[in-house]
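Take a look at the structure below.
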Amino acid sequence: MLKLYYGRESVDKDCFLFDRIAKTLSDVKKGKDPKQVIILVPDQFTLQAERNAFAYLKVKGLMDLEILSFNRLGEKVLDETGGRIRIPIDKAGRHMLLSQIMSDENDKLQVFRGMGRSHSFIDMANNLISEMKQYNTDLDSLTEIIGNLQENTLLQRKLNDIHCIFKRYEEKIKDKYIDTEDYIDLFLSQIGKSSLVRNAEFWVCGFDYLSPKTLNILNELIGFSKGVNVVFTADDLSRDRELFQLTWNIIAKLKQAGQNDPVYIHYLSQPPTVVSPELAHLERELFAYPYKEYKDEQGGITFCRAANIYGEVETAAAYISRLVREKGLRYRDIAVICNDMEGRGAIIKRTFEEYGISFFLDQKRKILHNPAVVFLLALLDVINEGWLFEDVFQLVKTGFCPIGQDDLEDLENYTMRYRIRGKSRWYKEFGYGIRELEEGQLECLNQSRENLVNFINEFEKKFIKAETVRDKTEVLSDFLKDQVELPDKIEELSYHLNEEQEFEAALEMNQIWEGIVNILDQLTELIGDEVISTADYKLMLQAGFESVELGLIPSTMDQVVVGTMQRTRVGTIKALVVIGANDGILPAEPTGDDLLSQDERALLIKRNVEICKDDDLRTMEERLAIYKNLSKRAAQTLKEDI
């Protein structure tokens with residue numbers, strides 16, 4: 001049975017959710033159906049949802065209740081029912097495979113010819129294929145779409161190129177590998193066989209939008225579980241009802257899915273828990289048309305104009321410090337929203353550190369600039385490019401070579417002064433500057449040179465001799481583990497970072513070796529038996545590392561969470577600081593970083609063809625996220641006069 005609940009953000013839906021769950025758990029203890037309750041939330045919300053469960057249920061442990069993402073539910077179902085017969089590849093594996101496909105198919109492409117070496121283009125192709133699969137667009141349907149378009153238009157030629165790339169990708173993974181989206185299809189086929197699903201009642205919350213493939217999962221859960229309950233943020237009687245159109249579209253699709261059984265729809269009309277009248281007005285009028293002006297005196301909302309982004313962030317930092325020192329708030333009582341983390345994230349980090357504010361940046365971390373990854377790629381550059389000065393010292397400065405910091409600086413100064421360039425110069429004993437250098441200094445420089453040459457030489461011989469991807473990866477992996485001792489050094493570095501209270505950097509380092517091994521394993525699995533040059537091997541690895549993003553969780557409880565409207569989920573807070581509330585940032589303008597332009601997507605939608613998200617949908621998501629983040633604060637206890 002399907003039950004749909006909806007209400008404005010001023011209603012404490014978490015309280016409603018956990019009140020219902022508490023009653024169900026009480027029945028579970030008495031031996032009644034269902035035997036378990038599962039809450040499904042977005043990936044980035046699992047930690048906060050668990051914290052909410054402990055807070056509302058007032059328990060020390062969660063029994064008969066699990067909080068999962070859809071991906072984690074899929075893993076549990078497949079672990080129970082079997083079906084993992086193909087090797088999984090993730091976004092990084094797909095990125096590497098697309099890099100090779102673009103190189104192989106370059107001559108067949110019309111619009112995207114020559115783009116194979118652009119990592120940003122490969123990333124866009126990667127995202128598009130992922131979205132197409134989420135929207136159930138396969139090769140046959142793409143062929144039909146192309147056939148219905150006007151001949152030789154730019155859109156048709158683009159789709160022809162995409163079809164060519166997509167087809168080769170599907171051929172490469174057929175019957176052997178399974179990517180993240182195909183994994184969902186496998187999960188879907190096993191839901192009916194799962195006792196976990198059959199004995200559980202599901203609650204779904206925290207979602208503003210559900211992709212067609214996720215809707216397919218809900219359809220299966222409705223048919224095989226003890227019941228599915230979905231909680232949405234929506235209202236159909238207010239002046240801002242257009243804001244919730246995205247939600248109503250999803251509700252309509254869910255009603256169609258459950259049309260064979262009765263669908264229960266309930267409006268949550270509990271009295272709002274708003275304490276601040278200013279925030280209550282904001283919740284009602286933020287996107288209402290025509291809006292009503294707030295005419296009373298107000299103190300719950302503070303506006304600040306700054307000369308530049310630096311002044312903006314510093315004002316926010318000073319305000320947070322005042323709340324903590326004078327008003328008695330804890331850092332965990334405060335959240336910061338900034339939709340421009342790329343432009344302002346580094347400024348926020350530096351400024352908050354200067355003010356001594358404990359904070360957590362809630363964003364994915366790229367690993368391309370991690371010292372371990374830089375070491376690996378620089379090592380391959382040194383071999384392939386013939387020991388260029390920049391490559392050698394990029395390698396040495398990572399700290400994973402047998403050269404101390406003092407010796408490194410002397411060696412760099414010497415090679416720069418006497419223009420030591422190329423492999424032949426490095427393999428030859430240094431002799432310049434004997435009169436200018438202090439006694440014994442030239443000997444120390446030659447010792448450092450010899451240590452570095454010996455360190456690389458044996459690996460270089462084996463690596464160049466290896467021909468296939470599998471052989472090269474085996475040589476590289478053995479070198480990293482046996483000669484460099486990279487896993488031990490990463491662990492040691494992580495320990496020192498923890499000692500210096502650099503907790504986020506330590507968490508990142510803890511994951512980096514696993515990330516490197518995962519990339520090497522997927523590269524071997526995907527194209528292990530193909531002969532490849534050192535240059536192409538390095539490009540493939542770089543493409544893989546380029547796509548890897550690490551997700552971290554807050555290292556301590558008492559931190560200010562800093563993130564974007566779309567991604568960040570926080571619990572009960574007492575103050576919200578919004579940085580960068582400028583036009584084009586809040587709400588964010590579409591980036592335009594897509595293979596298909598908004599006009600081309602709109603043309604397809606006019607023809608009832610939906611192969612991926614369009615900018616209008618993203619804008620609706622963004623507006624709803626803004627409403628929820630700002631209005632959620634109005635639904636929480638803001639008793640302090642701040």
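The values are calculated or read from the model by the stated rules, or taken from the named source; none is laboratory data. All values derive from a computational prediction rather than experimental measurement. Note that each Cβ is placed from the backbone with ideal geometry, even for glycine, and that neighbours are counted across all protein chains shown. Surface accessibility is based on the protein's heavy atoms, side chains included, excluding ligands, DNA and RNA. Shrake-Rupley method; radii C 1.70, N 1.55, O 1.52, S 1.80 Å.
Overview of values
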| item | result |
| --- | --- |
| For the range 307-312, Karplus couplings with θ = phi - 60° (6.51, -1.76, 1.60), whole Hz, Gly/Pro x | 5, 7, 5, 5, x, 4 |
| Selection from 187, 219, 321, by position along the positive dipole direction of the chain (Cβ) | 219 |
| Cα-based Rg / Dmax (Å) for the range 349-505 | 18.6, 56 |
| Counted charge near residue 543, where neighbours are those whose Cβ lies closer than 12 Å (Asp, Glu -1; Lys, Arg +1) | +1 |
| For the range 339-388, alpha-carbon Rg and Dmax in angstrom | 16.5, 46 |
| Once the Cα gyration tensor of the range 1-143 is diagonalised, semi-axes √(5λ) in Å | 44, 18, 15 |
| Per residue accessible area in Å² of the chain, where ligands, DNA and RNA are left out and the probe is 1.4 Å | 49 Å² |
| Estimated 222 nm signal from helices in the chain, with DSSP H stretches of n ≥ 4 weighted -39500 (n - 2.57), rounded to 500 | -17000 deg cm²/dmol |
| Net charge over other residues, Cβ less than 10 angstrom from the Cβ of residue 191 (K, R count +1; D, E count -1) | +1 |
| Accessible area of residue 45 in the full protein assembly, 1.4 Å probe (Å², nearest 10) | 20 Å² |
| Principal-axis tilt of helix 405-417 within the chain, Cα atoms, nearest 10 degrees | 60 degrees |
| Point-to-point label distance, residue 619-residue 188, nm (Cα→Cβ direction, 7 Å offset) | 3.0 nm |
| Check: the range 383-533 dipole with +1 on Lys, Arg Cβ and -1 on Asp, Glu Cβ, in debye | 1000 debye |
| ³J(HN,Hα) computed for each position of the range 568-585 - Karplus, 6.51 cos²θ - 1.76 cosθ + 1.60, integer Hz, glycine/proline x | 7, 10, 10, x, 5, 10, 10, 8, 10, 10, 10, 9, x, 7, 10, 4, x, 10 |
| Residues whose placed amide H lies under 5 Å from that of residue 229, excluding near-sequence neighbours | 3, 202, 203, 204 |
| The chain: angle of helix 371-385 to the longest principal axis, Cα-based, in degrees nearest 10 | 40 degrees |
| Magnitude of the charge dipole, the chain, Cβ model with Lys/Arg +1 and Asp/Glu -1, debye to 20 | 2140 debye |
| Degrees between helix 486-499 axis and first principal axis of the chain (Cα, 0 to 90, nearest 10) | 60 degrees |
| Cα-based Rg and Dmax for the range 150-269, where Dmax is the largest Cα-Cα distance (Å) | 19.2, 55 |
| Carbon + sulfur, % of accessible area of the chain - ligands and nucleic acids excluded, 1.4 Å | 46 percent |
| Karplus-derived 3J(HN,Hα), 6.51/-1.76/1.60, for each residue of the range 606-615, Hz, glycine and proline x | 4, 8, 6, 10, 10, 9, 6, 5, 10, 5 |
| Debye, to nearest 20: dipole size of the range 471-577, +1 on Lys, Arg Cβ, -1 on Asp, Glu Cβ | 760 debye |
| The range 309-412, Rg to Rh (Cα coordinates; Rh as Kirkwood inverse mean 1/r) | 1.19 |
| Entries in 461/538; 226/253; 366/465; 91/613; 35/91; 32/76 that, when Cα-Cα distance is taken, lie over 25 Å | 366/465; 35/91 |
